[in-house]
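Read through the structure below, which is laid out as structure tokens, and then see the notes.
The values are calculated or read from the model by the stated rules, or taken from the named source; none is laboratory data. What you see is a predicted model, and the numbers here were worked out from it, not measured in a lab. Quick reminder, even Gly has a Cβ in these numbers, built from the backbone with ideal geometry, and neighbours come from all protein chains shown. Surface areas here come from the heavy atoms of the whole protein model, side chains and all, with no ligands, DNA or RNA. Shrake-Rupley method; radii C 1.70, N 1.55, O 1.52, S 1.80 Å.
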Amino acid sequence: MTEGRAVEELVVGILGGTGPQGRGLGVRLAAAGQRILLGSRDADRAAEVAAEVATRAATAAAGVEVSVQGGSNADVAGAADLVIIAVPFAGHAATVAELAAPLAGKIVVDCVVPMGFDELGAYVLDVEEGSVAQQAAALLPDSHVVGAFHHLSARLLEDLSKPTIDGDVMVVGDDRASMDTVQALAGRLPGMRGIYAGRLRNARQVEALTVNLVSVNRRYKVHAGVRVTDV
């Protein structure tokens with residue numbers, strides 16, 4: 001349970017924690033002192049990556065207590081206080097559906113983007129429920145689903161030689177307390193803020209904006225993010 005607890009006290013689990021986005025979020029949050037559990041379909045692989053992430057975070061954040069462990073997605077879902085879903089979209093529905101029981105009553109943050117590629121570049125894939133976050137909410141009726149962390153470059157997240165990331169995290173959801181917690185978690189990433197961006201039904205636009213950023217990155221050879229002005 002997260003109610004009444006400061007965000008820095010929470011154990012954050014990352015499903016798909018061995019992939020680029022999950023690994024990047026894990027190392028950045030661990031370097032900020034957040035206790036992290038990295039999940040994977042392969043528990044041994046998760047443990048291996050967790051050890052690497054812990055070493056990198058500890059090296060970059062002298063004086064910060066770093067705690068990173070790895071395990072299966074199911075074990076992480078059950079042990080964490082708050083869970084971030086960072087699995088590939090192709091396996092999203094199947095992964096989430098299997099974890100409805102251990103995720104019940106928890107804040108579940110979905111950062112998955114329904115993105116495809118063809119000869120013209122990146123494009124948005126249709127999701128029957130409207131968005132990936134709404135798909136998660138449909139599969140997790142007893143969880144508090146929040147959409148966030150879509151617009152962060154995995155490469156920048158993993159590059160701890162850059163102590164801050166210039167950008168904001170757009171947060172969408174239907175439960176105010178859960179969104180406040182996720183915004184506070186985003187604020188633990190140096191240089192970033194969590195910004196309220198509407199109800200969960202607005203997740204479609206937030207997810208799709210990532211595709212535009214991919215196009216920006218390819219044209220300008222950068223790792224673009226989002227900064228909300230006048231807030």
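Quick one: work out the % antiparallel among DSSP beta bridges in the chain, nearest 5.
Given both bridge residues lie in the chain, the antiparallel proportion sits at roughly 20 percent.
At 7 Å along the Cα-to-beta-carbon direction for both Ala97 and Ala79, put a label point, then send me their distance in nm to one decimal.
Going from the Ala97 label point to the Ala79 one covers 2.7 nm.
Mind listing the long-range amide H neighbours of Gly194? Cut-off is under 5 Å, sequence gap 5 or more, other chains count too, H placed in the peptide plane at 1.01 Å from N.
Residues meeting the amide H criterion: Val169, Gly187.
When you have a sec, figure out the Kirkwood radius of region 34-190 from all distinct Cα pair distances and drop it here in Å to one decimal?
Result for region 34-190 stands at 16.7 Å.
How many angstrom lie between the Cα centre of region 158-231 and the Cα centre of region 49-106?
19 Å
Mean separation of Cα pairs under 8 Å and 6+ residues apart, divided by the residue count of region 138-231: what relative contact order is that in percent?
32 percent
Write down the Kirkwood hydrodynamic radius of region 181-231, to one decimal in angstroms, obtained as one divided by the mean of 1/r over all alpha carbon pairs.
Over region 181-231, the inverse of the mean reciprocal pair distance is 12.6 Å.
Which is the longest run of the chain containing none of the GluC sites (Glu not before Pro) found in DSSP loop states (not H, G, I, E, B) with at most 10 other C-beta atoms within 10 Å?
Result for the longest clean stretch: 129-231.
Rounded to the nearest whole Å², what accessible area per residue is found for region 46-136 with the 1.4 Å probe?
For region 46-136, the per-residue accessible area is 44 Å².
Apply the Karplus curve 6.51 cos²θ - 1.76 cosθ + 1.60, θ = phi - 60°, to the phi angles in region 74-89 and return the couplings in whole Hz, x for Gly and Pro.
5, 5, 5, 4, x, 8, 7, 7, 9, 10, 9, 9, 10, 7, x, 4
Quick one: with all protein chains in place, what share of the accessible area of region 110-231 is carbon or sulfur, to the nearest percent (1.4 Å probe)?
49 percent
Over region 180-226, average the accessible area per residue using a 1.4 Å probe and give it in Å², no decimals.
On the way: 2570 Å² over 47 residues.
Normalised by residue count, the accessible surface of region 180-226 is 55 Å².
Suppose a student asked you for the relative contact order of the chain, using Cα pairs under 8 Å spaced at least 6 residues apart; what percent would you report? The partial results should precede the final answer.
Working: 512 pairs, mean separation 41.5, N = 231.
Relative contact order here is 18 percent.
Please list, ordered by chain and number, the residues whose modelled amide H lies under 5 Å from the amide H of Ile84; skip anything fewer than 5 residues away on the same chain.
Hits under the 5 Å cutoff: Gly13, Ile14, Leu15, Val109.
Taking θ = phi - 60°, what integer Hz values does the Karplus form 6.51 cos²θ - 1.76 cosθ + 1.60 yield along region 160-177, in sequence order, with x for Gly and Pro?
Values per residue, Gly and Pro as x: 6, 5, 9, x, 10, 10, 8, x, 10, 10, 7, 10, 10, x, 10, 10, 4, 5 Hz.
What FRET efficiency, computed as 1/(1 + (r/R0)^6) with R0 = 45 Å and r the Cβ-Cβ distance, is obtained for Ala51 and Val228, rounded to the nearest 0.05?
My answer for the efficiency is 0.80.
222 nm [θ] for the chain, helices only, -39500 (n - 2.57) per DSSP H run of 4+, per residue, to 500? Walk me through the intermediate numbers first.
On the way: 9 runs with 90 residues, N = 231.
After summing the helix terms and dividing by the residues of the chain, the value is -11500 deg cm²/dmol.
Convert each backbone phi in region 95-108 into a coupling constant with the Karplus relation 6.51 cos²θ - 1.76 cosθ + 1.60 (shift: θ = phi - 60°), then list the ³J(HN,Hα) values in order as whole Hz, x for Gly and Pro.
Residue by residue, region 95-108 yields 5, 5, 4, 6, 10, 4, 5, x, 8, 4, x, 9, 6, 10 Hz.
Under a crude label model (7 Å from the Cα following the beta-carbon direction), how far is Asp44 from Gln205 in nanometres?
For the pair Asp44/Gln205, the computed spacing is 4.8 nm.
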